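Would you mind keeping the following structure in view while I ask a few things?
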Amino acid sequence: MLPAGNTVTEDMPRLSIIIATWQAAATLEHCLKSIIDQDFKDWELLIADGASTDGTVDLIGNYQRYIAWWQSDKDEGIYDAWNQALPHARGDYACFLGADDAWADSGALARIFAAIGDQQYDLVTSSGLFLDSTTGKSLTFGSAWDYDRIGRRTVVC
């Protein structure tokens with residue numbers, strides 16, 4: 001089901017948000033709330049859970065009305081989980097989140113899609129903010145796409 005304010009139509013959503021989870025009961029709700037609270041509502045949510053036993057599946061059930069597709073089954077890790085969800089995505093764009101990720105504020109997606117406008121891109125990137133909950137320190141990372149800077153462990157937001 002789609003978020004409140006959205007209606008189910010044959011039209012594809014602008015964004016498919018795909019979350020991989022495993023034993024994520026401690027962090028998933030914050031992630032889900034950051035999605036649901038977005039001002040931009042033209043999204044669908046897909047969750048691939050790796051057969052969690054810690055309450056993650058119950059939490060997913062509590063948010064069922066916001067979720068277009070989900071499963072809880074063994075997988076080979078985060079990338080396998082994302083790949084299992086991807087065929088179910090209908091959006092113009094796909095965004096992959098970890099269960100401990102969250103949007104910076106309720107206007108994050110609106111700003112991204114305002115910048116995209118009516119254009120079509122193969123890749124949209126942004127910056128990210130890493131917060132260390134134990135030290136309180138933060139690190140901003142990511143920048144405009146630069147093909148020459150691609151490394152083996154490139155992080156793309």
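The values are calculated or read from the model by the stated rules, or taken from the named source; none is laboratory data. Note that the structure is predicted; figures quoted are calculated from it, not measured. FYI the Cβ positions are ideal-geometry reconstructions off the backbone, even for glycines, and counts take in every protein chain you see. Accessible surface areas use protein heavy atoms only, side chains included; no ligands, DNA or RNA. Shrake-Rupley method; radii C 1.70, N 1.55, O 1.52, S 1.80 Å.
In Å², and per residue, what accessible area does region 69-109 have when probed at 1.4 Å with the other protein chains present?
Numbers: 2410 Å² over 41 residues.
On a per-residue basis, 59 Å².
Moving to a separate point now. Roughly speaking, what is the stretch gain from Asp118 to Ser138, that is 0.36 nm per residue apart minus the C-alpha to C-alpha distance, in nm to one decimal? Each step should come with its number before you reach the end.
Values: separation 20, 0.36 × 20 = 7.20 nm, distance 3.35 nm.
Taking Asp118 through Ser138 to full extension adds about 3.9 nm, to one decimal.
Note down the accessible area of Arg65, probe 1.4 Å, to the nearest 10 Å².
Approximately 130 Å² for this residue.
Now a separate question. If you take the Cα atoms of region 24-76, find Rg, then find the Kirkwood Rh from the mean of 1/r over all pairs, what is Rg/Rh? The partial results should precede the final answer.
On the way: Rg = 11.3 Å, Rh = 11.6 Å.
On the Cα set of region 24-76, Rg over Rh gives 0.97.
With +1 on each Lys and Arg Cβ and -1 on each Asp and Glu Cβ, how big is the dipole of region 68-108 about its Cα centre, in debye rounded to the nearest 20?
On the way: 2 positive and 8 negative charges, 36 e Å.
Taking the Cα centre of region 68-108 as origin, the dipole is about 180 debye.
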